[in-house]
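Data block below; observations after.
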Amino acid sequence: MSLFVEDHAPLGQPYWWEGAEWPDLSAPPPERVDLCVIGAGYTGLSAAIAAHDTGAKVCVIDAGQPGQGASTRNGGMTGAHPRLGWEALRDLFGEAVADGIFAEAGPALGFVRDLIAREEIDCDFQQTGRIQLAWTAKHFAAQEALAARVREKSGIEAHVVARDELGSEIETERYFGGLVIPSHCAVHPWKYHNGLLQAVLRRGAAVIAHCPAVGIDRDAGGFTVRTPKGDIRAGKVLMATNGYTSGPFRWFQRRVFPLPSYLIATEPLPPNLMGHLAPGRRMMVETRARHSYFRASPDWTRFLYGGRASMRPIDMRSAARRLHATMVEVWPELAETKLSHVWWGNTGYSFTHMPSVGERDGVHYAMGFSGSGTVMAPYLGAKAAWRALGDARGETAYAASPLKTHWLHPGARPHFLKLADLWYRSAVDWRDSFQGR
């Protein structure tokens with residue numbers, strides 16, 4: 001029996017693309033700009049808005065169709081707290097940087113909320129809150145400490161929900177409690193990206209599709225960005241390619257590698273079943289190593305379930321089977337539920353699991369979002385643009401979280417992920433099944 005509602009289900013096509021219209025962005029690039037942004041996802045478009053509004057002439061180029069990368073393939077979960085705890089950040093970067101990164105969580109989310117409101121972006125924005133669900137008792141104990149750190153260092157509300165009270169958030173026996181951050185939000189990724197794109201186009205800035213940067217030459221007068229559609233003379237250049245970095249940019253490729261994240265969408269479900277399984281109506285993530293994350297669709301008709309079905313590209317049907325099985329571990333009631341969509345996108349991971357803003361040989365960048373791109377990409381894209389243009393608003397603690405490489409990754413392609421996936425499919429699954437339970 002097929003796992004899908006229809007045998008010809010659109011394998012690889014995101015649920016978010018239903019009804020999407022892609023604008024014609026085929027014009028040639030301008031010959032001269034103040035800032036050339038490479039990459040037209042959340043990062044690059046926000047950078048273009050910020051740069052234009054300082055008075056700069058901007059263009060954005062993209063190797064493909066703008067928006068068809070991670071910016072419209074993610075789960076639409078909107079929060080800015082770092083993946084790492086304060087102590088881990090302190091050990092990596094020092095106490096002052098750890099404090100700064102935690103302190104920016106509220107302003108980063110506020111930046112995105114203000115951007116959506118100011119540009120009147122209709123993206124199904126909802127302040128749902130997010131709950132991180134503890135897979136083990138040890139994880140729940142760590143959440144209690146993390147909640148205190150978030151309140152202390154970020155100044156925003158965070159609290160834990162004990163196991164015997166978890167039924168108000170999610171109907172399952174799998175978890176030992178959860179950490180709730182009520183200020184986190186939800187968006188529709190395609191509508192969100194399209195709203196940013198339209199904001200750039202309204203400003204008269206050029207956005208060019210299918211226009212990869214095949215080289216960057218630097219001289220005393222600035223940069224020449226070489227593309228198949230013509231050269232662009234630019235005073236400054238900003239790399240905003242994250243997990244889709246390609247071409248002659250090995251320094252970045254060795255420090256930010258593409259890690260696939262897979263998602264499925266269920267068939268429409270009865271509202272009473274959805275309300276029973278997820279009464280808290282929050283964005284939901286897990287602490288276990290499978291990195292599962294799930295939510296209801298904006299119209300409250302189906303569940304969207306994502307996670308690390310593999311650490312490298314696999315066929316869509318295999319990914320769907322793995323994610324469906326993991327979903328049923330959480331909600332056995334969905335065992336017979338079929339799927340309407342399965343897709344994947346690249347998250348751009350850094351070896352510190354933290355984003356970075358910086359400069360390399362005069363080229364500015366913001367990347368390495370490691371799964372936090374719905375907020376951190378537009379926030380740090382703007383920061384990077386301001387830094388490139390000498391605007392004091394570019395100050396950020398993320399400039400002190402430098403990109404690092406690793407001896408396992410000597411080339412541009414992340415071949416180490418093949419070995420990592422073997423470990424992941426064995427050791428991680430064993431740990432998730434037995435550790436602390």
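A few comments on the model shown:
- Looking across 179, 196, one residue alone is within 16 Å of residue 60 (Cβ to Cβ), touching a helix residue (DSSP H, G or I) at 6+ places or on another chain (Cβ under 6 Å) and surrounded by 22 or more Cβ atoms within 10 Å (Cβ to Cβ). It is 196.
- A search for C-beta distances below 9 Å between a residue of the range 215-240 that is modelled with pLDDT under 95 and any residue that is in a strand (DSSP E or B), counting only pairs 6+ apart in sequence or on different chains, returns 221/233; 221/235.
- Scanning the range 239-278 for residues that are hydroxyl-bearing (Ser, Thr, Tyr) and touching a strand residue (DSSP E or B) at 6+ places or on another chain (Cβ under 7 Å) yields 241, 244, 245, 261, 262, 266.
- Among residues of the range 21-55, those that are of a type outside the set (Phe, Trp, Tyr) and in contact with a helix residue (DSSP H, G or I) (Cβ under 8 Å, 6 or more places away or on another chain), counted: 19
- Residue tally, condition out of contact with any Ser or Thr (no Cβ under 7 Å at 6 or more places or on another chain) and farther than 17 Å from residue 184 by Cβ, over the range 275-290: 5
- Picking from residues in the range 45-62 that are among the β-branched types (Val, Ile, Thr) and either in a helix (DSSP H, G or I) or surrounded by fewer than 24 Cβ atoms within 10 Å (Cβ to Cβ) (or both), the one that is nearest to the chain's Cα centre (by Cα) is 49.
- Of all residues making up the range 269-298, the number that are free of Cβ contacts under 8 Å to residues at least 40 places away in the same chain and either surrounded by fewer than 23 Cβ atoms within 10 Å (Cβ to Cβ) or out of contact with any Gly (no Cβ under 9 Å at 6 or more places or on another chain) (or both): 6
- Selection from the range 349-370 of residues that are assigned to a loop (DSSP other than H, G, I, E, B) and crowded, with 21+ Cβ neighbours inside 10 Å: 354, 355, 368, 369, 370
The values are calculated or read from the model by the stated rules, or taken from the named source; none is laboratory data. Since the structure is predicted, the reported quantities are computational estimates derived from the model, not experimental observations. Heads up, the Cβs are rebuilt from the backbone with ideal geometry, glycines too, and the neighbour counts pull from every protein chain shown.
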